[in-house]
Each structure stands twice: as C-alpha cells, then as structure tokens.
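Peer 1: Have a look at this one before I ask anything.
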Amino acid sequence: MAGFDMHIKIHGGTPRTDEASLCDSCRHSRVTRGSRIDEELVLCEASQMQAIRITFKVTSCSHYTDERFPTYYELLHQAWIFQPASRRKAAGFVRAADLRQAEVAQCLSELREDNT
C-alpha cells in the first residue's frame, strides 16, 4: 500500500520533561532554591500529617491546586452579595468581606439549598 501513512497517538505515554514541575505553581508546595541549578528543596504540604520531600519533577498530581487562581473562599470574600430588603435596610449589594461570619454562613447555606 504505497502512500499510506498511519498516525498513532499513545495516551498516557512518556510525560514531557521540558515543562516546569507542577510544584512550581501548586498551593501545597514550598520550593526553596539555592544559587546553583542542583540546589532545590521541594516540600509537599498536601498531606494533613506532615510535609513530604519531593525529589523529582512532578508532571501529574491528584492534589494539585494552582496557586495562580483564587480559592473558592477568596472568591467569596471578593463577591458582592445581594441582600433583600428588610424592615431596617433597603435591598442592595454588599461585599461578602463586610458581612458578619453568621451572615456569610447563612448565604452559603441558602446557596446549598438552591443547588439541591
């Protein structure tokens, strides 16, 4: 069969080594580097028990959390929450960071009820 090209894609094959380690951008890692290229200490704090020393470049991790993106808690505190009118206050938006802890908890419970 002249001129027949067959392309095969292998999933889960050898990981790429030219990319940075996931630990460099993970919220759970603590990376300490020295002045030489081989001076690097990486500690993973994803475990509840103790930090684990990582001695290799990480390409996949089930506990990876990108620190470049805000957490749900950080987003919540930046959010504007609509407060319906009451006898004492007019309806309007307030920053979640300005609410008392009990009011934030109430908003979260109402969200959970709406999603079920």
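Values quoted throughout were computed directly from the atomic coordinates according to the rules given, and no laboratory measurement underlies them. Since the structure is predicted, the reported quantities are computational estimates derived from the model, not experimental observations. Glycine also receives a Cβ, built like all others from the backbone with ideal geometry; neighbour counts cover every protein chain displayed.
Peer 1: Pop a pseudo-label 7 angstrom from the Cα along the beta-carbon direction at both Leu108 and Ile8 and give the gap in nm to one decimal.
Peer 2: Label at Leu108, label at Ile8, 5.1 nm between them.
Peer 1: Next question. Give, as a single signed number, the net charge of other residues whose beta carbon lies under 10 Å from the beta carbon of His63, with Lys and Arg counted +1 and Asp and Glu -1. Can you show the working numbers first?
Peer 2: On the way: positive: Arg27; negative: Glu45.
In short, 0.
Peer 1: Dipole of the chain (Lys/Arg Cβ +1, Asp/Glu Cβ -1, origin at the Cα centre): which of Leu41, Ile81, Cys61 lies farthest to the positive side?
Peer 2: Value computed over the given set: Ile81.
Peer 1: So if a site counts as exposed when it's one of the trypsin sites (Lys or Arg not before Pro), its DSSP state isn't H, G, I, E or B, and it has at most 13 other Cβ atoms within 10 Å, what's the longest stretch of the chain without one? Spell out each step's value before the answer.
Peer 2: Details: sites that count: Lys9, Arg16, Arg36, Arg68, Arg87, Arg88, Lys89, Arg100.
Longest site-free region, per DSSP loop and neighbour criteria: 37-67.
Peer 1: In terms of modelled amide H atoms, which long-range or inter-chain residues lie less than 5 Å from the amide H of Gln83?
Peer 2: Amide H to amide H, under 5 Å and 5 or more residues apart or across chains, Gln83 pairs with Gly92, Phe93, Val94.
Peer 1: Applying 1/(1 + (r/R0)^6) with R0 = 25 Å to the Cβ-Cβ distance of Ile37 and Asp66, what FRET efficiency is obtained, to the nearest 0.05? Please report the intermediate quantities before stating the final value.
Peer 2: Numbers: r = 25 Å, r/R0 = 0.99.
Calculated value: 0.50.
Peer 1: Taking the Cα atoms only, what angle lies between the long axis of helix 101-115 and the longest principal axis of the chain, rounded to 10 degrees?
Peer 2: Approximately 70 degrees, to the nearest 10.
Peer 1: Just in the range 24-100: which GluC sites (Glu not before Pro) are loop by DSSP and have at most 13 other Cβ atoms within 10 Å?
Peer 2: Values: sites: Glu39, Glu40, Glu45, Glu67, Glu74; in loops: Glu39, Glu45, Glu67.
Those satisfying the criteria are Glu39, Glu67.
Peer 1: Between Ala20, Ile8, Val31, whose Cα lies farthest towards the positive end of the dipole of the chain when Lys and Arg beta carbons carry +1 and Asp and Glu beta carbons carry -1, centred on the Cα centre?
Peer 2: Val31
Peer 1: Calculate the dipole size of the chain relative to its Cα centre from +1 charges on Lys and Arg beta carbons and -1 charges on Asp and Glu beta carbons; express the result in debye to the nearest 20. Please report the intermediate quantities before stating the final value.
Peer 2: Numbers: 15 positive and 16 negative charges, 88 e Å.
It comes to approximately 420 debye.
Peer 1: If you work out Rg/Rh (Cα atoms, Kirkwood Rh) from the coordinates, which of (1) 1.23; (2) 0.95; (3) 1.01 do you get?
Peer 2: This structure yields the entry labelled (1).
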